[in-house]
Structures are given as structure tokens and as C-alpha cells.
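Heads up, the thing below is written out as C-alpha cells.
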Amino acid sequence: MNVLVLGAGQLARMMALAVKPLNINIRAFDVGSDTVVDPLSTDIVFGGLTQGIEFADFITAEFEHIDHQTLALCQASGKLRPSSQAIKVGGDRRLEKDLLIKCGVANAQHQIIATKADFDQALNNLSMPLILKSALAGYDGKGQWRLKDKAQAEDIWLDIKAFFDGGVQGLQHAVVAEQMVPFDREVSLVGARDSQGNTLVYPLTQNHHTNGVLSVSIAIEIDEALQAQAKQVFDSIAKELNYIGILAIEFFQIGEQLLVNEIAPRVHNSGHWTQQGADTCQFENHLRAVCDLPLGSTELIRPSAMINILGEDEVPNEILSVASTTLHWYGKSKRPGRKMGHINVSGNDEKQLAERLTLLADMLPEAEFDELKPYVASYKKQLS
Ligand code: AMP
């Protein structure tokens, strides 16, 4: 089976690594160079998208900010999974909010802003503080503004206006203003849906972000009610999109309630722990769904966690001496803040996992993993 992945980053690479044993051949379309590459070596295999589409039995994506013409070509081939509509929803916060409302899914109070009048109205209708997020091409905290009080409003509006003038792919820009949610923690649900509508989800993952970027994920002990609430949201969104593949949903947890923050129509960073913590990893399950193979079990084998390596191309080798620890590099060149690799670690129970995380936090340089130690300490406390 041949699969073309739109995007040639680490997610395509990890898909290729995961499904080689199933005889699934992955090629990746690098949107930057307009070529089709081997996702491991990055060697060019075809000159352009048309040949990539011809080569593929199925087409999928590793990111959602894909230009609409590329999506239309892939959709027209009848091979694209999930659909271009599902991918577009993940890449435009306006469509995402419409979807959440349509599915009756709880999310933060918000307003869409395209003009100064909308901006002024949002200041009146929503309570401070606000977070304003670019509707298009925003990810990992980029294209975001935080408005604590009205005194900052004029400056922030000028900034947003300058951002609008930049434009993206000729599409009309906008921002979504959201009330800041006083969440207890951030969790996410990664799950798979096949073409028959069967769904399987992994256990909820507790996530910590540093400067708006995911830094640590822990597959948490299952709180059945919370898991059921998240699964219900997953099922309604996935059904509405007639979704095929892995879909990730990020939530804010307030008490026992989950509010959806955003959805990602693809394998997700908060699901990397499944490479060693689950029966079937998210990368394999995505391709199983896309290629019409039966979904694999999403059961947790052992409590597991993932630590992102951001902006560094080295970590101390001694981390590999910590039991049940694996290291995954993406083969990318170093750039500040860039996702370069991740560390997975497991324990027989959560206490052992917390001990191993503490060992890793002690070994990793504090300057580069600045919030790791306090976060692991708070996780340990949460267990006791
Ligand atoms: P996003 O790009 O929407 O995932 O936002 C990045 C991070 O900013 C999230 O993971 C949260 O930590 C924080 N954030 C985003 N939206 C809100 C909100 N409405 N209330 C509180 N924190 C938020």
C-alpha cells in the first residue's frame, strides 16, 4: 500500500517508521519545495504533487495549514483521508468554532473579529482577560495576543491590524477573541475513527505548555467520568466530519467539566507517548484507519509520559540509563524553540513513572527544560 502524506515533518517521519512492518510505504509532500520526498532521508522521489497523487493509494496529512488548491486536487482524486473539509476546519478557528457550536460542544466564550467595530464589540461583550488568536495559520501559541485590561486595547488593535494586512493565501484574515478560561489543567484526547464509523480513543493525556508550546504530556490514570465526557465530544465531532484517521481534541478542565480548546485533524504531539505506552501507537492507528485496516487496541500498557525537546539537538546520554526511557530525534536542524525530538518514559504504576520523570528532570539541563522540574514536582504532589 502506498500513502502520500501532505507535509514532510516529524509526524510523516514517525508514520513511516511505524507502518513499515505493515508494508505501508509512506512518501511525503514537502509543501515548501513542492516535491515528494522520502520522509526519513528527505531525498526527493518525485518532482511534484501530481506524481505523488498518482503514486498513492491513499492520501493523508500531517498538518492543517495546507493551501486550498492542494487540498482540492487531493480531494478530487478521491484518495484523501480525512477529507479536505476536516483538514480546513483544523486550520481555521472560525470553522472550528462553527463546528463546536453545531455539535453542541462546550467551549470558551468567544467572538470573531474582522473589523475594529467587531473588536470594540468584543471588548464590551466578553469579560477580561481575553486571548486573541489568529483564525488562520496560528499554532503553538503563534499569532496570539493577550489582553489583560482595556488600557492595552488600542496597542493590541494596531498590532492585529498590521497582522491582518499581511494576509494568508489570499484568504480573509480574522482573529477569534476568547475569554481566558481559569482551567485546573489542560488535557487532550487522541482517538481514531475508521471509514465504517468505528471509534477507539486513547486515555486522556494531561498536558503542560511552556510559552504556549506543549512541553510535557502524561497519560493519566483514567477518571472514567472524564474519559466518557471526552469520548462523547470526540464521537460527535468525528461523526459530524465523517472523519477517517486520528483526530486530537485539546480541552481545558475546570472541576469536572471539559471545554474544548481546539481540535487537530491529525496525529498529535500529545499522543507521542503511545509509541511505547499503548497497545497500538497513534501513527499506526492513523494509517490503519486511512488504509481501511482494522483499528488496533488503544489500551494503555503502562502509565507513560512524553517530554518535548525544544530547540536543542543534544541531551545528556545518561537519560537512556533511566529504565523504560526512549529517545526520538526528528533529524531536523537546530532552531530556537523548534520541536527537535522527544523522550518517552513509562512506569509500572504512576508512582514509578513520577520517580523516573524526576530522574530525567534532574539530568536534563534546567536552562532548556526550564519548567520541567517544577511541573514534575507538582505531578508527584498530585499523586500523593
Ligand atoms: P492554542 O494555540 O489555542 O492551543 O493556545 C496555546 C495555549 O494558550 C493553550 O494550550 C493554553 O495554555 C493557552 N490558552 C489558549 N486559549 C486559552 C483560553 N481561552 N484560556 C486560557 N488559556 C488559553
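Is it the case that some residue within the stretch 271-284 is within 9 Å of the chain's Cα centre (by Cα) and within 12 Å of the ligand (Cβ to nearest atom)? Talk me through it step by step, then tell me what you get.
Within the stretch 271-284, the first condition is being within 9 Å of the chain's Cα centre (by Cα), and the residues that meet it are 271.
Remaining after also requiring within 12 Å of the ligand (Cβ to nearest atom): none.
So far as the stretch 271-284 goes, no, none of its residues is within 9 Å of the chain's Cα centre (by Cα) and within 12 Å of the ligand (Cβ to nearest atom).
Only one of (1) surrounded by 24 or more Cβ atoms within 10 Å (Cβ to Cβ); (2) more than 12 Å from the chain's Cα centre (by Cα); (3) within 16 Å of the ligand (Cβ to nearest atom) is not met by Thr210, so which one is it?
(1)
Taking only pairs six or more apart or across chains, which ones have beta-carbon atoms under 7 Å, a first residue in the stretch 235-256 that is open to solvent by less than 30 Å² (accessible area, probe 1.4 Å), and a second residue that is hydroxyl-bearing (Ser, Thr, Tyr)?
Ala238/Thr199; Ile244/Ser195; Gly245/Thr60; Ala248/Ser188; Ala248/Ser270; Ile249/Ser188; Glu250/Ser188; Phe251/Ser188
On the basis of being within 16 Å of the ligand (Cβ to nearest atom), within 20 Å of the chain's Cα centre (by Cα) and surrounded by fewer than 23 Cβ atoms within 10 Å (Cβ to Cβ), does Glu262 make the cut? Explain how you work it out, then say what you get.
Details: within 16 Å of the ligand (Cβ to nearest atom): yes; within 20 Å of the chain's Cα centre (by Cα): yes; surrounded by fewer than 23 Cβ atoms within 10 Å (Cβ to Cβ): yes.
The answer is yes for Glu262.
Please find, within the stretch 152-167, the residue that is most open to solvent (accessible area, probe 1.4 Å) out of those that are modelled with pLDDT of 90 or more, among the aliphatic types (A, V, I, L, M) and away from the ligand (no atom under 16 Å from the Cβ).
Leu158
Test His286 against the stated conditions and say whether it is touching a strand residue (DSSP E or B) at 6+ places or on another chain (Cβ under 6 Å) and either free of Cβ contacts under 8 Å to residues at least 12 places away in the same chain or open to solvent by 20 Å² or more (accessible area, probe 1.4 Å) (or both).
Judged against the criteria, His286 is not a match.
Tell me which residues, restricted to the stretch 312-329, are open to solvent by less than 10 Å² (accessible area, probe 1.4 Å) and part of a loop (DSSP other than H, G, I, E, B).
Within the stretch 312-329, just Val322 meets the criteria.
Go through the stretch 72-118 and count every residue that is aliphatic (A, V, I, L, M), open to solvent by less than 20 Å² (accessible area, probe 1.4 Å), under 28 Å from Arg13 (Cβ atoms) and touching a residue at least 24 places away in the same chain (Cβ under 8 Å).
Adding up the residues that qualify gives 3.
When the residues of the stretch 351-362 are filtered to those that are charged (D, E, K, R) and more than 20 Å from Leu214 (Cβ to Cβ), which remaining residue is most open to solvent (accessible area, probe 1.4 Å)?
To start, the set of residues in the stretch 351-362 that are charged (D, E, K, R) comprises 351, 355-356, 362.
So of that shortlist, the ones also more than 20 Å from Leu214 (Cβ to Cβ) come out as 351, 355, 362.
Values: Lys351: 137, Glu355: 83, Asp362: 96 Å².
Checking each candidate, the answer is Lys351.
Please specify each residue of the stretch 214-223 satisfying the condition of being open to solvent by 20 Å² or more (accessible area, probe 1.4 Å) and either modelled with pLDDT of 95 or more or within 16 Å of the ligand (Cβ to nearest atom) (or both).
None - no residue of the stretch 214-223 is open to solvent by 20 Å² or more (accessible area, probe 1.4 Å) and either modelled with pLDDT of 95 or more or within 16 Å of the ligand (Cβ to nearest atom) (or both), so the list stays empty.
Among the helices (runs of 4 or more DSSP H) lying completely within the stretch 61-163, list those that include at least 3 residues that are under 24 Å from Tyr243 (Cβ atoms) and of a type outside the set (S, T, N, Q).
Counting at least 3 such residues, we get 68-76, 84-91, 93-102.
Note down all Cβ pairs under 8 Å where the first residue falls in the stretch 324-343 and is within 18 Å of Met14 (Cβ to Cβ) and without any contact (Cβ under 8 Å) to a residue 40 or more places away in the chain, the second is open to solvent by less than 60 Å² (accessible area, probe 1.4 Å) and of a type in the set (Gly, Ala, Ser), and they're at least six residues apart or on different chains.
The qualifying pairs are Leu327/Gly341; Trp329/Gly341; Arg338/Gly311; Met340/Gly311.
The values are calculated or read from the model by the stated rules, or taken from the named source; none is laboratory data. Predicted, not measured: the structure shown is a model, and the values here were computed from it. Heads up, the Cβs are rebuilt from the backbone with ideal geometry, glycines too, and the neighbour counts pull from every protein chain shown. Please note that ligands, DNA and RNA were not included when accessible areas were found on the heavy atoms of the full protein model with its side chains. Shrake-Rupley method; radii C 1.70, N 1.55, O 1.52, S 1.80 Å.
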